[in-house]
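In what follows, a structure is listed as structure tokens, so that the remarks can point back to it.
The values are calculated or read from the model by the stated rules, or taken from the named source; none is laboratory data. If you're wondering where the values come from, they're calculated on a predicted model, not measured in any experiment. With ideal geometry, Cβ positions are generated from the backbone for all residues, glycine too; neighbour counts draw on all protein chains shown.
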Amino acid sequence: MKTNEINGFKIGNFYLSELRTVVSLYKKLQEKSDFQGKDARINILTAEFGLPLAVLMQAKEVIGYASAVINHSNKVEMTCFFLSEFHQVELKEALEVKAKRNYIQTFGDDDHSISKLKLAIERLIDWLNL
């Protein structure tokens, strides 16, 4: 795994073996933000989940990740999710840079890269929602 280290945190590539942890982290954060005094369990993922590309780890535990998503302006955007106690500007910026680098290496930086990303997100979400 190619990693960068910042203050004891490791930023590395996202691997399929981390998918369960990343999905669980995303759902936990969505439940917290959507909670309105009712059962707010997230059962179905949407395109807002994005395509995970980089993870933030501490002691071999995923504590954050960055996903490529397509925003309302049809532009690629890196969105970061953290366990709340670990969110720091420096870590967020480094995680976004790693995710952007992985995105360009995977999809390129041309006119077709957005449509490739959109298809990859749709396939991942469909597969996870089975």
Margin query: Looking only at residues that are exposed (fewer than 15 other Cβ atoms within 10 Å of the Cβ) and polar (S, T, N, Q) in the stretch 63-95, which one is nearest to ILE6 (Cα to Cα)?
Written below: SER84
Next item on the list: Kindly establish whether LYS60 is within 14 Å of ILE11 (Cβ to Cβ), free of Cβ contacts under 8 Å to residues at least 60 places away in the same chain and surrounded by fewer than 14 Cβ atoms within 10 Å (Cβ to Cβ).
Entry: yes
Next item on the list: Evaluate the stretch 3-17: report whether one residue or more is at pLDDT 75 or above, out of contact with any Ser or Thr (no Cβ under 6 Å at 6 or more places or on another chain) and assigned to a helix (DSSP H, G or I).
Entry: yes
Notebook entry, point to check: Using beta carbons and a limit of 6 Å, which pairs, at least six apart or on different chains, have the first residue in the stretch 72-84 and without any contact (Cβ under 8 Å) to a residue 40 or more places away in the chain and closer than 16 Å to PRO52 by Cα and the second one surrounded by 10 or more Cβ atoms within 10 Å (Cβ to Cβ) and among the polar types (S, T, N, Q)?
Noted result: THR79/SER67
Notebook entry, point to check: Does at least one position in the stretch 112-129 carry a residue that is at pLDDT below 95 and of a type in the set (D, E, K, R)?
Noted result: no
Next item on the list: Filter the stretch 67-105 down to residues that are assigned to a strand (DSSP E or B) and within 17 Å of LYS27 (Cβ to Cβ), then give me how many there are.
Entry: 6
Next item on the list: Return the pairs, sorted by first residue and then second, in which the second residue is modelled with pLDDT of 80 or more, the first residue lies in the stretch 2-18 and is hydroxyl-bearing (Ser, Thr, Tyr), the beta carbons are less than 6 Å apart, and the residues are 6+ apart or on different chains.
Entry: THR3/LYS10; THR3/GLY12
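Somewhere in the stretch 23-40, is a residue within 15 Å of ILE125 (Cα to Cα), modelled with pLDDT of 95 or more and outside any loop (DSSP other than H, G, I, E, B)?
Filtering the stretch 23-40 for residues within 15 Å of ILE125 (Cα to Cα) gives 23-24, 26-27.
Subset that is modelled with pLDDT of 95 or more: 23.
Still in the running and outside any loop (DSSP other than H, G, I, E, B): 23.
So far as the stretch 23-40 goes, yes, one or more of its residues are within 15 Å of ILE125 (Cα to Cα), modelled with pLDDT of 95 or more and outside any loop (DSSP other than H, G, I, E, B).
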